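Visitor: Pasting in a structure now, in structure tokens, and then I'll have a few things to ask.
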Amino acid sequence: MSDITVTVVRKPMERRGVAWLASFLRAEVLLLLPFLFFLGLFEVYPLINMAIRSLFDTNGTFTFQNYINVFTKPQFRLAIRNSILFASAASLVGGIVGTFVAALAVRLPSRWRNFLLSLYALPMTLSGLVVAFAFIVLLGRNGVLNLIVRRAFDLPPTVYFNLYDWPGIVMVYAFFQIPLMTLSMAAVFENLDPSLIEAARNLGARPWQVWRYVVIPVLLPGFLAGMSIQFAGMMGAFGTVLALVGMAKNLLSLQIYSHASESTYNLPQAGALAVVLISITGFALALLSWGARRLARRGT
Amino acid sequence: MARVKVEGLTKRFGRVVAVQDFTLEVEEGELVSLLGPSGCGKTTVLRCIAGFERPDAGRIIVDGQVLNEVPPERRNIGMVFQTYALFPHMTVADNIAFSLMIRGRPREERERVVKEMLSLVHLEGMEDRYPHQLSGGQRQRVALARALAMRPKVLLLDEPLSALDAKIREELRGEIRRIQKTLGITTLYVTHDQEEALALSDRVVVMNMGRIEQVGTPAEIYNAPRTPFVAMFVGTMNLLPGRLESDGRFVWKGVAFQIHRGAEIHRGQEVYLALRPERLKVAASPDQIPPGHNRIPGRVEWITFLGPIGRLTLRSDGETLLADLSSDEAARFSVGATVWIHFHPESAHLVPKEPERS
């Protein structure tokens, strides 16, 4: 560990201000400007605009009614509940399976591991719509797999795997979520110093105790960080689920979509729903990162 | 405390033979270093003793008990790793008490041992720190305390100082020796640093390419290397290839030297004459050479200032020789000067060209 000592020489306020401005205007900082411009135009401004508009009704009168609706109308309350449950379930499936796949992948010889991991990057490049249709062809009511199973076991057409219910939707999203988690956990597993495991065994820990007292606590912060990405992605999940079930399932993201573009058009209401969705996601992320930081510092 | 016996240890990784027929006995309370370049198999020997590697052949015996089939967690052998391997999510106290926690020892005992160990490694009051709040030297002290907390029969140290600064390294080296002597614990110490091995050990095992080159006290290793590898690896050595013509007469490129050592070498054998740079003397003219000294003419090629000493790079009949003089003496010579290189017959040592493999 090398320490860098920085000596701060105090200067008069005015001179420091000039120096700060001068350093800010150095050429390389200018390269950031296009990024900041786009960030402002397409992220900050729309967010603020949406938040402000959610506080007015369609006639332009200030009101909290849109938020009161979100927490009182059964369709919205159900959407919030469904979104939280769906995002949690999909994150857990992706998180747990992805972790195990990563644990196996890092044990492979590096050539195979890199091949596998690059295969895993593939789903993330695919459009949600394409994936939805692929699953419909494979697993839809009359999809290839359902037909094969029905034929093989001589089952009536009423028996099939239902892609259009929650388990089906979670499974389709696992197609994105598992590789995502695998990629982030593979990095975590690779950073796990194998001598930690050896040190624990050397000190008398049996294999299960090594997992209980060393491996799991050391991996948990990375796992929670991976779960954050999963949860945030799943709260906003939209395209694939829309393609699969349309409006048949009640999710926050679908409610926002319907209030922003369908017959139920009500932009301020959509804004209020979006603010609530962002708040829930933000709260969950803050909770997970607080947990991860606590675990990173604290002992068992 | 315990005696460690390694008998005919062989370990292969795929087709690569990491350790070949390694045999060593370590006495109770002895500190033995395994010294060699990276990849020489020294760490593999240590890992076999700790139980992290399965020997392909040979036996590991501690206090008369064969350990080959005993899992690492039941061997009661302490180990200190090069990367410290402290548990990052645990405090210093929890790290040190880990082995006692695993064995379900009561809280009072754990606290007492933590206090004892912290005072042994001079880290009193650091109980509640986390590893990331410690310096490298402090981390390695905690790692040492953790390895000693369960009172192991044997202590293994795998390059424990190689990640540290030179100054801390030297300081901690002394500490390790002091603690090892205080506890009287049988210790195996792996290092690639010959100075460290010589400074610390009761005996040094020099290894190369999976085999033992020589076992001996630091003085034996330094003064009487048995193979060219040991001569070149430990310290700096001038090696002159030649032949032993008759007892006490070594001939190099037609120049004969009187030699006292090397009785085990047969007449006519191809050998190296090994000369430490600090044993070589340099004179400006032949009348300054004491009687009985061997002499060869040479030329000063370069002078390197090394603080207390000045190292002369000399050229004689196509051969480069290094001579360490005191800085003052070295200052009397200049680059390009023609000089006489001379040495006492006792200063030279003969090393067989073909290493003896027993």
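Just so you know, all these numbers are worked out from the coordinates, no wet-lab data involved. Computed from a predicted structure; not experimentally measured. For neighbour counting, all protein chains shown are included, and Cβ atoms are generated from backbone atoms with ideal geometry for every residue, glycine included.
Visitor: Using Cα atoms only, what is the angle between the long axis of helix B:107-120 and the major principal axis of chain B, expressed in degrees (0 to 90) to the nearest 10?
Guide: Taking Cα atoms only, the helix is inclined about 20 degrees.
Visitor: Listed here are the pairs B:42/B:167; B:153/B:181; B:253/B:353; which of them are more than 23 Å apart at the Cα? Could you put the intermediate results ahead of the total?
Guide: Numbers: B:42/B:167 25 Å; B:153/B:181 14 Å; B:253/B:353 16 Å.
Check vs 23 Å cut-off fails for B:42/B:167.
Visitor: A further question on this structure: Just the ratio, please: alpha-carbon radius of gyration of region B:236-352 over 2.2 N^0.38 Å, N its number of residues.
Guide: Its radius of gyration relative to the 2.2 N^0.38 Å reference: 1.05.
Visitor: For chain B, what does the relative contact order come out to in percent, with C-alpha contacts under 8 Å and a separation of six or more?
Guide: Computed value for chain B: 16 percent relative contact order.
Visitor: Averaged across orientations, what area in nm² does the convex hull of the alpha carbons in region A:109-203 project?
Guide: 9.7 nm²
Visitor: If Lys and Arg each add +1 and Asp and Glu each add -1, what is the summed charge of the other residues whose beta carbon sits under 14 Å from the beta carbon of residue B:169? If you can, show how the numbers build up before the last one.
Guide: Details: positive: B:139, B:141, B:167, B:173, B:177; negative: B:159, B:165, B:170, B:171, B:175, B:193, B:195, B:196.
In short, -3.
Visitor: Report the Stokes-Einstein translational diffusion coefficient (µm² s⁻¹, integer) for region B:119-207, Rh taken as the Kirkwood radius over Cα pairs, at 25 °C with viscosity 0.890 mPa s.
Guide: The Stokes-Einstein estimate is 178 µm²/s.
Visitor: In nm, to one decimal, how far is the residue B:193 label point from the residue B:109 one, both placed 7 Å along Cα→Cβ?
Guide: The answer from the label model is 3.6 nm.
Visitor: Would you mind pulling out the separation of the Cα centroids of region B:163-202 and region A:163-181, in Å?
Guide: Their Cα centres are 56 Å away from one another.
Visitor: What is the magnitude of the charge dipole of the protein assembly as shown about its Cα centre, with +1 placed on the Cβ of each Lys and Arg, -1 on the Cβ of each Asp and Glu, and no other charges, expressed in debye to the nearest 20? It would help to have the intermediate numbers written out before the result.
Guide: On the way: 70 positive and 57 negative charges, 315 e Å.
My answer is approximately 1520 debye.
Visitor: Indicate, rounded to the nearest 5 percent, the antiparallel portion of the DSSP beta bridges found entirely in region B:4-228.
Guide: So the antiparallel bridges amount to about 50 percent of the total.
Visitor: Can you compute log10 of I(q)/I(0) for region B:1-57 with the Debye formula, treating each Cα as one identical point scatterer, at q = 0.12, 0.24, 0.25, 0.31 Å⁻¹?
Guide: For region B:1-57 at q = 0.12, 0.24, 0.25, 0.31 Å⁻¹, log10 I(q)/I(0) is -0.27, -1.03, -1.10, -1.43.
Visitor: Give the percent of DSSP beta bridges with both residues in region B:129-283 that are antiparallel, rounded to the nearest 5.
Guide: Looking only at bridges with both residues in region B:129-283, the antiparallel portion is about 80 percent.
Visitor: Based on the Kirkwood radius over alpha-carbon pairs, what value in µm²/s does the Stokes-Einstein equation return for the translational diffusion coefficient of the protein assembly as shown at 4 °C and 1.567 mPa s?
Guide: My calculation gives 41 µm²/s for D.
Visitor: Out of all DSSP beta bridges in the protein assembly as shown, what portion is antiparallel? Express it as a percent rounded to 5. Mind showing how you got there, number by number?
Guide: Values: 61 of 79 bridges.
Counting only bridges with both partners in the protein assembly as shown, antiparallel ones make up about 75 percent.
Visitor: Give the calculated FRET efficiency between residue A:52 and residue A:152 to the nearest 0.05, with a Förster radius of 60 Å applied to their Cβ-Cβ distance.
Guide: It comes out at approximately 0.55.
Visitor: How high is the relative contact order of region A:91-192? Use alpha-carbon pairs under 8 Å, at least six apart in sequence, and give a whole percent. Working shown, then result.
Guide: On the way: 88 pairs, mean separation 50.6, N = 102.
It comes to 50 percent, rounded to a whole number.
Visitor: Related question: Could you give the alpha-carbon Rg of chain B over 2.2 N^0.38 Å, rounded to two decimals?
Guide: Its radius of gyration relative to the 2.2 N^0.38 Å reference: 1.19.
Visitor: Report the local net charge at residue A:132: Lys and Arg +1, Asp and Glu -1, summed over other residues whose C-beta lies under 15 Å from its C-beta. Before the final figure, lay out the partial values.
Guide: Details: positive: A:141, A:249; negative: A:165.
Taking every other residue near residue A:132 into account, the sum is +1.
Visitor: List B:153, B:115, B:167 from most exposed to least, where exposure is judged by having the fewest other Cβ atoms within 10 Å.
Guide: B:167, B:115, B:153
Visitor: Considering Cα pairs under 8 angstrom that are at least six residues apart, work out the relative contact order of region B:146-189 and quote it in whole percent.
Guide: Details: 26 pairs, mean separation 24.5, N = 44.
Averaging sequence separation for qualifying contacts and normalising by length gives 56 percent for region B:146-189.
Visitor: Helix B:136-148 versus the longest principal axis of chain B: what angle, 0 to 90°, nearest 10, using Cα atoms?
Guide: 60 degrees
Visitor: In nm², what is the average projected area of the convex hull enclosing the Cα atoms of region A:203-290?
Guide: 7.8 nm²
Visitor: Still on this structure, I have one more. Under DSSP H, which helices of chain A have Cα atoms covering 15 Å or more of the helix axis and a Kyte-Doolittle average no less than 1.6?
Guide: A:128-139
Visitor: Here's a follow-up. Working from Cα positions, state the angle (0 to 90°, nearest 10) between the long axis of helix B:166-183 and the longest principal axis of chain B.
Guide: So the helix axis and the longest Cα principal axis differ by about 60 degrees.
Visitor: Next up: So what is log10(I(q)/I(0)) for chain A at q = 0.07, 0.09, 0.10 1/Å, when the Debye sum runs over its Cα atoms only?
Guide: With one equal scatterer per Cα and no solvent, log10 I(q)/I(0) is -0.43, -0.69, -0.82.
Visitor: Turning to a different aspect of this structure: What's the local net charge at residue B:13, with K and R +1, D and E -1, over the other residues with C-beta under 10 Å away?
Guide: +1
Visitor: Please check which bits of region B:211-236 a label hung off residue B:266 would reach, taking the label as a point 7 Å along Cα-to-C-beta and the cut-off as backbone N under 16 Å.
Guide: none
Visitor: When the Cα atoms of region A:103-147 are enclosed in a convex hull and the volume is divided per residue, what value in Å³ results?
Guide: For region A:103-147, the hull spanned by Cα atoms encloses 99 Å³ per residue.
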